[in-house]
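Heads up: the structure comes next, in structure tokens.
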Amino acid sequence: MGWSFPWASSFGSDFNYDFGVSYTEEQMEAGAYHNYKKEDPIIHARYKSDGSSDVAMLSGTDLFTYVKERPGMSAFIREGDRIFHTYSAFERGVDILWNMYQWLDRAPLGRNENSFWLKHHDQYNNEQNGSGKSCCH
């Protein structure tokens, strides 16, 4: 249709640090502010029971490297020379942008998460869904 949409990138700037989705080592060791709340300090060797350490390992990196960049989305509007911040979302608020989560949320068991939920397809067993059948194959 010939439409165009102006995009902007934060690459090469401090924007992600300013808006609380990227963190320095010092910020993380002191307890960074993310999603409008202060988190517990993250030390290099520390294991987190919320699943972050497991995802870091599956991603081929350590916990500290994995959590120093977080999901977030911000929207702005420019009127003349003025810029207004109109919206921000973090964590589950950006799930709608990750299409696979929308499919999982509509599955009979949803994300089936009562603990750390992300598993490879061959790591599910018959107890996962209570039906006696393996799910997600």
Only one of (1) within 20 Å of ILE96 (Cβ to Cβ); (2) of a type in the set (Ser, Thr, Tyr); (3) at pLDDT 85 or above does not apply to TYR36, and that is (3)
Per-region count, the stretch 102-124, residues closer than 28 Å to GLY20 by Cβ, part of a helix (DSSP H, G or I) and modelled with pLDDT under 75
0
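Anything in the stretch 19-31 that is over 15 Å from the mean Cα position of the chain (by Cα) and not in a helix (DSSP H, G or I)? List them, or say none.
Initial filter on the stretch 19-31 (over 15 Å from the mean Cα position of the chain (by Cα)): 24-31.
Hits for the stretch 19-31 are THR24, GLY31.
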Looking only at the stretch 17-30, decide whether some residue is touching a Gly at 6+ places or on another chain (Cβ under 6 Å) and either free of Cβ contacts under 8 Å to residues at least 24 places away in the same chain or not charged (D, E, K, R) (or both).
yes
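The values are calculated or read from the model by the stated rules, or taken from the named source; none is laboratory data. These numbers were taken from a predicted model, which means no experiment stands behind them. Quick reminder, even Gly has a Cβ in these numbers, built from the backbone with ideal geometry, and neighbours come from all protein chains shown.
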